[in-house]
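A short reminder: the numbers here are calculations on the coordinates, not readings from a lab. A quick note: this is a predicted structure, and the numbers were derived from the prediction, not measured. Reconstructed Cβ throughout: ideal geometry from the backbone, glycine too, with neighbour counts over all protein chains shown.
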Amino acid sequence: MVEKQLHICLFENNYPNKSGADGGGAGWYLKTISKEHIKRGHKVTVVKRITNHYVRNYTDGVGVRVIHFHYSSKFLTYFSKFVLLKIFTRSIDYLYHGWISYKEIIKLNEKYKFDVLEFSEGGNFWIGFSKKFKYISHLHCSHYTIYKQCGLNVPVGHYIERLVSFIAMNRANAILSPSKAMIAIVEKEKNGKFKNKYVIPLAVEKNITSFHEKNTKCVKFIFASRNDSLKGGDTLLRAIDLVNNNYFGKTKFYFIGYEPNEDYSYHSNIVFKKFMPRNELLKFYNRCHVALLPTQFDNSPLFIYEAMAAALPVIASNIGGIPELIKHGKTGYLFNKMDYLQLSIYIIDLIEDVKKREMMGNNAQNFIRNYASVEKVAEQKLNLYRNIIGVNYRTI
């Protein structure tokens, strides 16, 4: 008796490209977990939609087959010019590209024979009704959820799109999320419970090192995110203003991916860097002592997993799934979102107390390596896939 070899098909437009550049947190997580699945003898295919006809399909360095399908939004651009129809553009885009994706997966399945499909967030409306595939809807964080959780007005078009996507979610064989909080939030959005829901964290690899610079005369902090105002860069800058009243010469703050306002003059202990390739970012953690994430909303950020794996204590907003990762006072600190005064107090605490900073960092590393090791998470996901398809083993 041997384990059945599975062929897993993942739909993720933010999967890293052939050179290993780009790719969001969800994309890099899938690359990490796919590497482990392939190592165990399974097959993984990633499907991405693109607008460029000239991007070729390929097999990447970890053995994932990456397939692109082209789409055009010309008619949607024309459609959106009509005021009364504009509000339906997002939902029509969701259905239209879902249909193209559905036809593509039918053709691909004839060739590759997939056992299970996994979609980010809303899934695929048409596959939900076809009953030809077993599929999972993986909750990361939709635009609609971000609007709601940040207290912003939700555009009508986003609301309609969300209602349509709930249909695909409700028909999924399983709902998956890296945090309990996100499942609860989406259940509240749709005013109903999911039947088959699972919480499986993102994954970290063992090769994330933790050899930090011993120069504690200058405590170095890292904040890495996409350039988005909702990630809290402005909150952090306000906190730094307070910290610098007494600790200007003792600190350095690295903003990775955040683009500064050219009309504003920043303190010289603030360093802005363009978003760097992930392999460089993993090395950069070793130059730092503390990780910061003052986001207004997040699910379960990969940045936190990686920073903790590198033995950095994390100071982050007490929102979304973040409290499921950070144990306040043990592996870092949680503060009320946008409360820059509270944030500054926790930053100062870890500047002054070297032993506490190192203790929290070690605790963080031990926790995340146990909670989210790639081997453990890979097995959890394989068990989920097996449960969905109803087959565990084959006889040879």
Exercise. Obtain the nm distance between the two label points defined at Lys273 and Lys250 by a simple spin-label model: each point lies 7 Å from its Cα along the Cα-to-C-beta direction.
Key: 2.4
Exercise. Could you work out the relative contact order of segment 219-371, using alpha carbon pairs under 8 angstrom and six or more residues apart, expressed as a whole percent?
Key: 25
Quiz item: How about Lys188: which aspartates and glutamates have a C-alpha closer than 20 Å to its C-alpha, ignoring those fewer than 8 places off in the same chain?
Solution: Glu121, Glu161, Asp298, Glu324
Practice problem: Using a/c under 1.5 as the rounded threshold, could you call segment 219-371 rounded, prolate or oblate? The axes a ≥ b ≥ c are square roots of the C-alpha gyration tensor eigenvalues, and prolate needs a/b larger than b/c, oblate otherwise. | Solution: rounded
Self-check item: Dipole of the chain, positive direction: furthest Cα of His68, Ile345, Tyr102, with charges on the beta-carbon
Solution: Tyr102
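Let me check I've understood the local charge: for Tyr159, count other residues with C-beta under 14 angstrom from its C-beta, Lys and Arg +1, Asp and Glu -1. What total comes out?
Working: positive: Lys86, Arg90, Lys148, Arg162, Lys190; negative: Glu161, Glu189.
Result for the neighbourhood of Tyr159: +3.
Hey, can you rank 34-40, 352-358, 252-258 by average C-beta count inside 10 Å, highest first?
Working: 34-40: 18.6, 352-358: 13.4, 252-258: 20.7.
Answer by packing, highest mean first, reads 252-258, 34-40, 352-358.
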Self-check item: Under 17 Å from the Cα of Lys217 - aspartates and glutamates, other chains or at least 8 residues apart
Solution: Asp349, Glu352, Asp353, Glu358
Exercise. Please list the radius of gyration and Dmax for the chain, considering alpha-carbon atoms only, with Å as the unit.
Key: 22.0, 71
Self-check item: Net charge over other residues, Cβ less than 15 angstrom from the Cβ of Asn261 (K, R count +1; D, E count -1)
Solution: -4
Quiz prompt | Rel. contact order, % - alpha carbon contacts under 8 angstrom, at least six apart, the chain | solution = 16
Self-check item: FRET efficiency, Asn387 to Asn170 (Cβ-Cβ, R0 25 Å, nearest 0.05)
Solution: 0.85
Quiz item: What list of ³J(HN,Hα) values in whole Hz, one per residue of segment 372-385 in order, does the Karplus curve 6.51 cos²θ - 1.76 cosθ + 1.60 (θ = phi - 60°) give from phi, with Gly and Pro shown as x?
Solution: 10, 5, 4, 5, 5, 5, 4, 5, 4, 5, 4, 4, 5, 4
Quiz prompt | Arg287-Lys206 FRET efficiency (beta carbon distance; Förster radius 25 Å; 0.05 resolution) | solution = 0.80
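For Tyr159 and Asp263, what is the calculated FRET efficiency with R₀ set at 56 Å and r taken between the beta-carbons, to the nearest 0.05?
Working: r = 35 Å, r/R0 = 0.63.
That gives a FRET efficiency of 0.95.
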Quiz item: What is the set of long-range amide H partners of Ser120 at a cut-off below 5 Å, with H atoms built 1.01 Å from backbone N?
Solution: Phe11, His138
Exercise. Take peptides 120-131, 293-304 and line them up by average Cβ neighbours within 10 Å, highest first, as a rough protection proxy.
Key: 293-304, 120-131
Exercise. List, in the order given, every pair from Lys330/Lys376; Lys43/Lys231; Lys180/Lys220 whose Cα-Cα distance in the structure shown is over 27 Å.
Key: Lys43/Lys231; Lys180/Lys220
Quiz item: Rounded, prolate or oblate: which fits segment 133-224 when a ≥ b ≥ c are the square roots of the eigenvalues of the alpha-carbon gyration tensor, with rounded for a/c under 1.5 and prolate only if a/b beats b/c?
Solution: oblate
Quiz item: Too long at a 23 Å Cα-Cα cut-off: which of Lys252/Lys273; Lys31/Lys283; Lys252/Lys355; Lys31/Lys195; Lys148/Lys193; Lys31/Lys148?
Solution: Lys31/Lys195; Lys31/Lys148
Quiz item: According to the square roots a ≥ b ≥ c of the eigenvalues of the Cα gyration tensor, what is the shape class of segment 137-182, taking rounded for a/c under 1.5, prolate for a/b larger than b/c otherwise, and oblate for the remainder?
Solution: oblate
Quiz item: aspartates and glutamates near Lys18 by alpha-carbon distance under 19 Å, same-chain residues fewer than 8 away left out - which ones?
Solution: Glu36, Asp60, Glu280
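For segment 217-274, what is the charge dipole size about the Cα centre, in debye to the nearest 20, if Lys and Arg each add +1 at the Cβ and Asp and Glu each add -1 at the Cβ? All intermediate terms of the calculation are to be shown ahead of the outcome.
Working: 9 positive and 6 negative charges, 89 e Å.
It comes to approximately 420 debye.
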Self-check item: Folded to 0 to 90 degrees: helix 180-190 orientation relative to the chain principal axis, Cα
Solution: 60
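With +1 on each Lys and Arg Cβ and -1 on each Asp and Glu Cβ, how big is the dipole of segment 268-382 about its Cα centre, in debye rounded to the nearest 20? Each step should come with its number before you reach the end.
Values: 14 positive and 11 negative charges, 50 e Å.
Computed about the Cα centre, the dipole is about 240 debye.
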